[in-house]
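Visitor: I am attaching a structure below and will ask some questions about it afterwards.
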Amino acid sequence: MIKLSLRLNTILDCLSPCESFADVGCDHGYVANAMLKSGKCKFAYITDISAECLKKAEELLSKSFAGKYEAIVTDGLKGVNVVEQVLIAGMGGEIICDILSSADSLPKRLVLQPMKNTEKVRETVLNLGYEILKDYTFKDEKFYDLIVCKRGKDRYTKDELAFGRDNLRDKNDAFKELISKKISVLQGALDKMSAEEKAKTKKAINKLLEVIK
Ligand SMILES: C[S@@+](CC[C@H](N)C(=O)[O-])C[C@H]1O[C@@H](n2cnc3c(N)ncnc32)[C@H](O)[C@@H]1O
């Protein structure tokens with residue numbers, strides 16, 4: 001039996017029951033496998049830009065779910081039929097934004113777990129016509145951001161774009177720990193800075209302190 005990491009379980013919990021699901025950049029295919037196994041989706045598209053990565057997922061799903069999935073080697077969502085829900089996890093925010101912006105069609109629901117540049121992902125989904133339902137930081141062996149959205153209208157403040165809406169509202173432990181670490185790094189670097197850099201960095205530190213207050 002495959003034991004999912006805390007990261008993948010957290011992602012899985014955010015996926016809702018659906019008819020059709022696509023795991024873009026699926027690599028091992030663990031999430032699609034779990035979605036089919038639990039009956040949370042009726043049909044899964046597993047896609048990856050790398051044929052070698054996709055083969056791993058195909059080998060896994062072919063054991064139990066023949067006819068319930070389609071494997072496609074493709075860049076992002078190109079050539080993927082309209083699906084209800086799409087997961088894009090474990091990739092940089094820039095790639096996620098490129099995938100969404102160049103998609104032939106966009107799904108009703110998106111679950112995104114960017115590894116960096118989350119601010120750009122937030123801006124992009126809002127511009128593409130999504131309402132953000134969840135947007136928070138969690139911790140497994142590292143800190144991760146998770147964004148869940150559905151078709152709709154939404155607006156973010158500058159701070160929400162930078163830090164994530166739920167992080168600002170709830171200030172969960174993972175978020176507070178991440179920001180505290182960022183503050184320590186900046187504080188540790190102050191000594192080696194010019195007066196100008198120091199003033200800028202102190203301002204940034206104060207902002208971070210205000211955010212987790
Ligand atoms: C670090 S793995 C993440 C795998 C899985 N989604 C997860 O979260 O555990 C990133 C995967 O994305 C794939 N990938 C990178 N760029 C892609 C793109 N433009 N379209 C589809 N897959 C892509 C890589 O080949 C790799 O398998």
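Visitor: With the crude spin-label approximation of a point 7 Å out along Cα→Cβ, what separation in nm comes out for residue 9 versus residue 37?
Guide: 1.3
Visitor: Let me ask something else about it. Taking K and R as +1 and D and E as -1, what net charge do the other residues with C-beta under 13 Å from the C-beta of residue 81 add up to? Spell out each step's value before the answer.
Guide: Numbers: positive: 78; negative: 19, 70, 84, 104.
Net charge in that neighbourhood comes out at -3.
Visitor: Averaging over all projection directions, find the projected area of the Cα convex hull of segment 1-119 and quote it in nm² with one decimal place. Provide the component values of the computation, followed by the final result.
Guide: Values: hull surface 27.0 nm².
Hull-based average projected area comes out at 6.7 nm².
Visitor: Of the residues 35, 193, 91, which exhibits the maximal mean-square fluctuation in a Gaussian network model of the chain defined by a 10 Å Cα contact cut-off?
Guide: So, out of 35, 193, 91, the one fluctuating most is 193.
Visitor: Around residue 22, what is the net charge, scoring Lys/Arg as +1 and Asp/Glu as -1 over all other residues with Cβ under 15 Å from its Cβ? Intermediate results must be reported in sequence, preceding the final value.
Guide: Numbers: positive: 40, 42, 68, 78, 108, 109; negative: 19, 23, 27, 48, 58, 70, 75, 84, 104.
It works out to a net charge of -3.
Visitor: Could you please state, rounded to a whole Å, how far the C-alpha centre of segment 76-141 is from the C-alpha centre of segment 1-65?
Guide: The distance from the Cα centre of segment 76-141 to that of segment 1-65 comes to 16 Å.
Visitor: Oh, and also: Round to the nearest 0.05 the FRET efficiency obtained for residue 153 and residue 98 when R0 = 22 Å and r is the Cβ-Cβ distance. Spell out each step's value before the answer.
Guide: Numbers: r = 23 Å, r/R0 = 1.06.
The value I calculate is 0.40.
Visitor: Students often get this wrong, so check it: of 158/182; 56/176; 78/182; 68/171; 3/158; 153/200, which have C-alpha atoms separated by over 29 Å? Kindly include the intermediate steps, with their values, before the conclusion.
Guide: Details: 158/182 19 Å; 56/176 37 Å; 78/182 37 Å; 68/171 40 Å; 3/158 38 Å; 153/200 35 Å.
Violating the 29 Å limit, Cα to Cα: 56/176; 78/182; 68/171; 3/158; 153/200.
Visitor: Please report the net charge: other residues with Cβ closer than 12 Å to the Cβ of residue 160, K and R +1, D and E -1.
Guide: -1
Visitor: If you don't mind, another one. Which aspartates and glutamates have a Cα lying under 14 Å from the Cα of residue 181, excluding residues fewer than 8 positions away in the same chain?
Guide: 173
Visitor: Also, I was wondering about something else. Arrange 169, 122, 155 by Cβ neighbour counts within 10 Å, fewest through most, would you? Intermediate results must be reported in sequence, preceding the final value.
Guide: Values: 169 11, 122 27, 155 8.
Going from least to most buried by this count: 155, 169, 122.
Visitor: While we're here: What dipole magnitude, in Debye to the nearest 20, does the chain give about its Cα centre under +1 on Lys/Arg Cβ and -1 on Asp/Glu Cβ?
Guide: Details: 36 positive and 32 negative charges, 141 e Å.
It works out to roughly 680 debye.
Visitor: GNM, the chain, Cα, under 10 Å: largest mean-square fluctuation among 101, 184, 16?
Guide: 184
Visitor: If I stretch the segment between residue 139 and residue 1 completely, what's the gain in nm (0.36 nm per residue apart, minus their alpha carbon distance), one decimal? Provide the component values of the computation, followed by the final result.
Guide: Values: separation 138, 0.36 × 138 = 49.68 nm, distance 2.38 nm.
Extra length from residue 139 to residue 1 when fully extended: 47.3 nm.
Visitor: Go ahead and set up a Gaussian network model of the chain, Cα springs under 10 Å, then flag whichever of 199, 71, 44 fluctuates most.
Guide: Highest fluctuation among the options: 199.
Visitor: For the chain, what does the helix formula give at 222 nm: sum of -39500 (n - 2.57) over DSSP H segments with n ≥ 4, over the residue count, nearest 500 deg cm²/dmol?
Guide: Numbers: 9 runs with 97 residues, N = 213.
Estimated from H runs of four or more residues: -13500 deg cm²/dmol.
None of the figures in this text is laboratory data; all of them are computed from the coordinates on show. Owing to the predicted nature of the structure, the values given are computational and were not obtained by experimental measurement. Don't worry about glycine lacking a Cβ; one is built from the backbone with ideal geometry, like all the others, and counts go over all protein chains shown.
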